[in-house]
Amino acid sequence: MIIPTEPDQNGWSGVSLERLAGQLGRLRQTPSTHQPFVTERAQTECVKRNGNYFKRSGVNDGVGVNSACVEERFVVTLTYFPSLNMKTLMVFDFDDTVVDDNSDTWVIRCLPSNTLPDSVKNSYRKGHWTEFMGRVMSYIGDQKVTPEGIRSVMETIPFAPGMTDLLTFISDHKSTIDCIVISDSNTLFIDWILQASGLQAAVDRVFTNPAKFNELGYMEVRCHHSHDCERCPVNLCKRKVLQLFLSEQCARGVEYQRVVYAGDGGNDLCPTSCLGERDVVMPRKGFTLEKLLAKLEDDAPLSARVVAWSSGTAILEELKASMQS
Ligand SMILES: [Mg+2]
Ligand SMILES: [Zn+2]
């Protein structure tokens, strides 16, 4: 919160640009004066005097300075999101979390034989799943399965129990819930599956391995990024993705009152370590993440609260509680 100095007789009170920028996010300098008034936003005039920026008092300090400046006279549009302090970030793993299976193994159903030859099956090296998927997709291409054929099989993957209700709730509450997916699957599988469900509006961003079809009709999957985390597979450290996303959001003036992280797998452990005590880690009951978290309990417990789930309903309850607190 910015605490301005006492207003003068004209209603101006002082606040330094640093404090404005620090509290409200990045200042974008534009030559405009007033910004249009929009819903949930208000604007206030600021003037620069003796190196300080002054704004009219009586305006509730919100978030996000949209614009500043014309030489000595500054007009700063403060963007108010009354609900911002209430905003929750929902982070989903995808395989065995949003969907009730593994999309990377589900794809094998597009093969007439429904199985991979041993030469491909046995070529997996620990920590190098993306390379392995490259070989799987190239075998599928060799069998002349078309992109449409792969897509239609991927669209049949079932959602985990309660997940469609949960995603529907999220899309109905986009002003208070941001939602991202961080997954070791790939962009094509996730886009197809979310689109087929009609629930893609729930998800703001998907961070996963980029995939595309090459000119020969073979699907290629690349690594999401490179990182130096020793705990994670070479192509993806979900903690790095989450931290980067949170800091980018922060730079835009968006800070979350709570992060809810739902996942099932071993690679969901690393991101849980960057969550704080207001946050909630939700491991799927009976899956790897739950077991790994139970082991942590003894020597290095997480700061975040841990609540296991078997159905999206449990995650929904957690989100609702978070929105009320
Ligand atoms: Mg998973
Ligand atoms: Zn990591």
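None of the figures in this text is laboratory data; all of them are computed from the coordinates on show. In this text the structure is predicted, and so the values were computed from the model without any measurement.
A few comments on the model shown:
- Pairwise Cα distances in the range 235-309 exceed 21 Å in 24 percent of cases.
- Cross-link pairs exceeding 28 Å in C-alpha to C-alpha distance, out of Lys126/Lys295; Lys238/Lys291; Lys144/Lys240; Lys285/Lys320; Lys121/Lys238; Lys87/Lys295, comprise Lys144/Lys240; Lys87/Lys295.
- Cα-based shape type of the range 157-236, given that a ≥ b ≥ c are square roots of the gyration tensor eigenvalues and the cut on a/c is 1.5: oblate
- Derived scalar couplings between HN and Hα for the range 256-268 equal 9, 6, 7, 10, 10, 10, 10, x, 10, x, x, 7, 8 Hz in order, rounded to whole Hz, by the Karplus curve 6.51 cos²θ - 1.76 cosθ + 1.60 (θ = phi - 60°), x for Gly and Pro.
- Annotation: amide H-H contacts under 5 Å for Cys179 (H modelled 1.01 Å from N, sequence separation of 5 or more, or interchain): Met90, Asp204, Arg205.
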